[in-house]
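Readers should treat all values here as calculations from the given coordinates under stated rules, not as data from a laboratory. The structure presented is a predicted model; accordingly, all values stated were derived computationally and were not measured. Neighbour counts run over all protein chains shown; Cβ positions are idealised from the backbone, glycine included.
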Amino acid sequence: MAQGNINWRVKILDALERERNAVPGRAGETPLSDLASELSQLLVAQQPEVVEAIAGLVMHPDIESMGGDEKEYWSGLSFLTKYIHGADTETLRSVFQEKLFDPSMKEKRLSVYALHGFITARGRLLPDQLRSLVEIQQHAPVAWLGAATMSGLFDFARENALQMLKDNQIDLGSFLLGMDAWYKVWDKCVNFKQLMEEFRSAVPNHEGKIKFTKWLERRGFLDEPRNPRAQASPLGRGVLSFTNKLLSDPRCYISNHA
Amino acid sequence: MNPFEDCFSRQALNIKNCTQLSEEQKNNFFDTMAHAANDEIVVRKMAEEYFRDTDPKTKKKRKLCGESIVLTDETCLGRMHKWKAIEDELRECKINGDIVPAEAVLGWKERFFTGNSAIKRNVLEEVLETLQDFNAKSPYIIWAFLYKEIDRPFAKENIEELPCRLGLENIMTNEYLPMELKHDLAVDAKKPTAFDAELDKYWCPGGRTCARNECAGKNGFEEAVMSGLHTGGVNLWHAAKVPTFDLALVKK
């Protein structure tokens, strides 16, 4: 468990516990964000011990040290999982998956953290598995759509997102943040601007549409520059490259929509 | 030796040297800490609780008790806010408990450091708008450093050196979102005391930032702490803008 003189289990529990009453530091740091910084600077060879510590805390939760605050415990643990880069996260996937389908987690509405931890540890789900997570889909739609996207189920994610937007089931601010994260992993053959416009059309109210328009504008999607290559934002250039790829390689379109 | 001095010798010295704290305040602190077990985790927890508490005798908060700083129209407040702290704040949406991926912050960060001034402004606006909907760690103390060059605040400084000169934990500029806070609202700014600084390693008494060893000898900046501010909501953050030194970032 210990690496050198570091006992990661103790260190993680200490950060989780201190986070609850944290007063952010001079640059807004909190115990968990400090620990996240420390984890992201670890060498790959140092990470297995952190993986082991987190997996141990998932399998054998120590909620008592958190004064019984289960929500903060699971939220913090799944957050930290993101900062393990390069190490084999198989153990984490497996323990989070077990918790994901654990009825007691579902009862306490904690499954969403297990889902987040599982997906962050590079776990992937099938459409039927996602469909079975109805409660998460209803209460944490962005986390659920993120799981679909990260599982490579783009059409599935698109269709469900459209429906959720139409039915006003999703907080738009959170959804747009999700899109910021997903555009890089989204099927490269898809015209992202078109996709976002489709989502915007699905939003039933005017304020919601404005949020989308603002999002698109801020990323240069709605500019129509004379020399697009020279003027597009980095994200805009990404869209141009998608579009160019689409025009130059029709197979891309066929394979995605076949 | 007092367990606090044993575990946090530098911070203990800061408390002893802090002229803004009375001898009684200092003695009370060390007397309380004398009862702690000599274990770093225990001592830290006990000290943090002490700093954040209210003094039972005076009924006053132990924080934000330093000398007042008069902010004028010519004072600019600079701040470097850590991106990882934003990731932590975005952990969960307070509206519905939904979870957004931390990669969204990476997208902002990338746009901020590669975009032009307009894009930087967009990113800052978006960060501040978004944080209002999330579990901001609030209300809490906001730290800022002061400039008195209204014409081109920040422009004369080398942004690459700022984290080091400010004594921040990480010296890489791209770990922070730089911003300038407007103070058109009545803000009660104070010189930080050692109790405000808690267990910060790179802080020293005197009202100026404490440069890290890597940039020793570089002047610090006057620093201030302000209370009652939320990450979102009606406060200083609303008037935050990208400082002039963003031009230096564009050139890179």
Legend entry - Violating pairs (Cα-Cα greater than 26 angstrom) within the set A:Lys108/B:Lys84; A:Lys108/B:Lys45; B:Lys45/B:Lys201; B:Lys16/B:Lys57; A:Lys106/A:Lys188: A:Lys108/B:Lys84; A:Lys108/B:Lys45; A:Lys106/A:Lys188
Legend entry - R0 of 51 Å, Cβ-Cβ distance B:Glu222-A:Asp69: FRET efficiency to nearest 0.05: 0.85
Inset, instruction - Quote to one decimal, in nm, the extra length available between A:Arg20 and A:Lys214 on full extension: 0.36 nm per residue of separation minus the C-alpha distance between them. - result: 66.4 nm
Legend entry - Pair B:Asn174, B:Asn27: separation of 7 Å Cα→Cβ label points (nm): 5.3
Legend entry - Label-point separation in nm, B:Asn116 to B:Arg208, each point 7 Å along Cα→Cβ: 3.9
Inset, instruction - Would you kindly state how much longer the chain becomes between A:Lys166 and A:Gln41 on full extension, computed as 0.36 nm times their sequence separation minus their alpha carbon distance, in nm to one decimal? - result: 40.8 nm
Legend entry - Charge dipole (debye, nearest 20) of the stretch B:21-120; +1 at Cβ of Lys and Arg, -1 at Cβ of Asp and Glu: 180
Inset, instruction - Read phi for every residue in the stretch A:183-196 and hand back ³J(HN,Hα) as whole Hz from Karplus 6.51 cos²θ - 1.76 cosθ + 1.60, θ = phi - 60°, with x for Gly and Pro. - result: 4, 6, 9, 5, 2, 5, 7, 8, 6, 5, 4, 4, 4, 5
Inset, instruction - Hey, can you grab everything whose amide H is under 5 Å from the amide H of B:Cys204? Only 5+ residues off in sequence or another chain; H modelled, so Pro and N-termini drop out. - result: B:Cys210
Inset, instruction - Express in whole angstrom the spacing between the alpha-carbon centres of the stretch A:138-183 and the stretch B:166-226. - result: 40
Inset, instruction - Please find the FRET efficiency linking A:Gln194 to A:Phe101, where r is the Cβ-Cβ separation and R0 is fixed at 25 Å, and quote it to the nearest 0.05. - result: 0.10
Inset, instruction - List, largest first, the extents of the alpha carbons of the stretch A:1-88 along their principal axes, each in whole Å. - result: 33, 33, 23
Inset, instruction - Convert each backbone phi in the stretch A:7-19 into a coupling constant with the Karplus relation 6.51 cos²θ - 1.76 cosθ + 1.60 (shift: θ = phi - 60°), then list the ³J(HN,Hα) values in order as whole Hz, x for Gly and Pro. - result: 9, 5, 4, 5, 5, 5, 4, 5, 5, 4, 5, 5, 4
